[in-house]
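Structure first, then comments.
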Amino acid sequence: MTTDEVVDLENKLEIPTYSKMPMALVEGDGATVWDADGNEYLDFYGGHCVALLGHSPAPVVDAIKAQAEKLLFYSNVAHSPVRAQAAERLTALAPEARSWQVFFANSGSEANETSLKLARKFTGRSGVVALEEGWHGRTFGSLATTYDDALRAPYQDVLPDTTWIPVGDLEAAEAALAGEDVAAVILEPIQSIAGMRAVPAEFVQGLRRLCDKYGTLLAFDEVQTGVGRTGTFSMAEQLGGPDAPATPDLISLAKSLGTGVPVSAVLVGERVAETVEPGDQGSTYGGGMLAMAAVKATLETLVEENLMDRAVEIHEQVREQVEPVVEEVRGRGCLMGLRLDRPVAPVKTALREQGVLVGGSSDPHVMRLMPPLVVSDDEVRRFADALHAALRDAPAAETA
């Protein structure tokens, strides 16, 4: 099928929930993808922060193939060696400040809903505090904590209540928590969709202290920041220290966890895990064998190839090469935001015409970059050269 044929068929048969790029991708390798017409693209978008190890990495493909030849699926009512091994790998990489157990699910939104559900049971409370500009998903429970009036408005009557606080405002946080009905505070360590807005470490440390004071749980949504993409497995390792802890009670992971296979997980700290009983949560496909094979292979490769360190190197290379033409470089590791002096949309189009894929954000002046951790030095230079050219060629009228 040609690109036009694919586009026409999808537009005819799928409900219009996404504004899609005008291409039909059919193949990928590393940081490169190809469309149905044979056009090649350098992918600094990563399928929306998913392709942690690049596209179709051999260790993950081989692990999925080997598992598929043995057993495609059985639900988690039965034990599974590959699930046990994936859980062992995952919990071993989690922040050392806690002993962790894990619940496997299928999407980031489902992981966040599970996190909030466990917090409500543990505390016996119903309220949730979330940060302004945060994004946690589109299903009802997570949508209630997503700071987007346009998305929430049609369903407001059935959404659970959320109290919003500004990033950095500990006084507002304490006022919200003092009401004694708050089960959890949920936050993204870097608010990706909002324009790669980093939540200050001192604020997170303050929230940890307040949660301890008022008996509230702290939940990290690391759907995008987790699994080593920012240079450490969890950003809790970057935000706290021995005298100023920032470790949450619950951590949601997804996106990069399966390198393209749909899978998510909630890391559950020991004191919460001790209160979970059979029937409190479930997921037919959560912990399925193919997904667990992908998780195990992803985590093994991440460690064996020192890719968390590579994420930091890629960030610094991008920073050095684009700082002369951007207003600000945000984020950490391979979760980056470039603030431009003009709207991002036409620059994105110009980059795509040069064969480079990037993302936008809810801030029209911030471009998001979520490249694989296997991007080469030459590919970083190619991206930077393309960005310089795109900004050079943009008409002055578009910079207003």
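Partners of Lys213 within straight-line reach, counting lysines whose Cα lies under 23 Å from its Cα and excluding those fewer than 8 residues away in the same chain: Lys117, Lys121.
Taking the Cα centre of the chain as the origin and placing charges on Cβ (Lys, Arg +1; Asp, Glu -1), which of Pro95, Ser256, Leu151 is farthest toward the positive end of the dipole? Ranked along the dipole, the leading option is Pro95.
Note on Val312 and Thr349: the extension gain reaches 10.6 nm, defined as 0.36 nm multiplied by sequence separation minus the Cα-Cα distance. The charge dipole of the chain, taken about the Cα centre with unit charges on the Cβ atoms of Lys, Arg (+1) and Asp, Glu (-1), comes to about 720 debye, rounded to the nearest 20.
Counting only DSSP beta bridges with both residues in the chain, the antiparallel share comes to about 65 percent. If you bin all the Cα-Cα distances of the chain at 20 Å, starting from zero, the percentages per bin are 27, 59, 14, 0. Taking a sphere under 12 Å around the Cβ of Arg339 and counting the other residues whose Cβ falls inside, with K and R at +1 and D and E at -1, yields a net charge of -1. Between the C-alpha center of segment 241-319 and that of segment 1-27 there is a gap of 31 Å.
The residues of the chain expose on average 44 square angstrom of accessible surface per residue, using a 1.4 Å probe on protein heavy atoms.
Distant-in-sequence amide contacts of Glu328, defined by a placed amide H-H separation under 5 Å and a gap of 5 or more residues or a different chain, comprise Arg339. Projecting the Cα atoms of Trp34, Leu13, Phe73 onto the charge dipole of segment 1-85, computed from C-beta unit charges around the Cα centre, puts Phe73 farthest toward the positive end.
For the pair segment 134-205 / segment 72-95, the C-alpha centres are spaced 30 Å from each other.
With θ taken as phi - 60° and the Karplus curve 6.51 cos²θ - 1.76 cosθ + 1.60 applied, the whole-hertz 3J(HN,Hα) list for segment 220-234 is 9, 8, 10, 4, 9, 7, x, 6, x, 4, 9, x, 9, 4, 10 Hz, x standing for glycine and proline. Between Ala66 and Glu274, the contour length at 0.36 nm per residue exceeds the alpha carbon distance by 71.4 nm. Ranked by the mean number of other Cβ atoms within 10 Å of their residues, highest first, the peptides 204-212, 147-155, 119-127 fall in the order 204-212, 119-127, 147-155.
Out of the total accessible area of the chain (probe 1.4 Å, heavy atoms of protein only), what percent is carbon and sulfur? Could the numbers behind the result be given before it?
Values: 8880 of 17800 Å².
Solvent-exposed carbon and sulfur of the chain make up 50 percent of the total.
Computed from point charges on the beta carbon alone (+1 for Lys and Arg, -1 for Asp and Glu), the dipole magnitude for segment 73-222 about its Cα centre is near 620 Debye.
Counting Lys +1, Arg +1, Asp -1, Glu -1, what net charge surrounds Leu53 among other residues with beta carbon under 14 Å of its beta carbon? Each step should come with its number before you reach the end.
Details: positive: Arg229, Lys255, Lys296, Arg310; negative: Asp29, Asp43, Asp62, Glu300, Glu304, Glu305.
Summing Lys/Arg as +1 and Asp/Glu as -1 gives -2.
Among 101-112, 230-241, the peptide with the highest mean count of other Cβ atoms within 10 Å heads the list, and the full ranking is 101-112, 230-241.
Using the Cα gyration tensor of segment 317-373, with a ≥ b ≥ c the square roots of its eigenvalues, what is the shape: rounded (a/c below 1.5), prolate (a/b larger than b/c) or oblate (neither)? Provide the component values of the computation, followed by the final result.
Working: a/c = 1.38, a/b = 1.16, b/c = 1.19.
Rounded, since a/c falls under 1.5.
Simple point charges give the picture: +1 on the Cβ of Lys and Arg, -1 on the Cβ of Asp and Glu, and for segment 161-251 a dipole about the Cα centre of about 300 debye.
The values are calculated or read from the model by the stated rules, or taken from the named source; none is laboratory data. Model, not experiment: these values are computed from the prediction. We place every Cβ from the backbone using ideal geometry, glycine too, and count neighbours over all the protein chains shown. Just the protein is used for accessible areas: all its heavy atoms, side chains included, with ligands, DNA and RNA removed. Shrake-Rupley method; radii C 1.70, N 1.55, O 1.52, S 1.80 Å.
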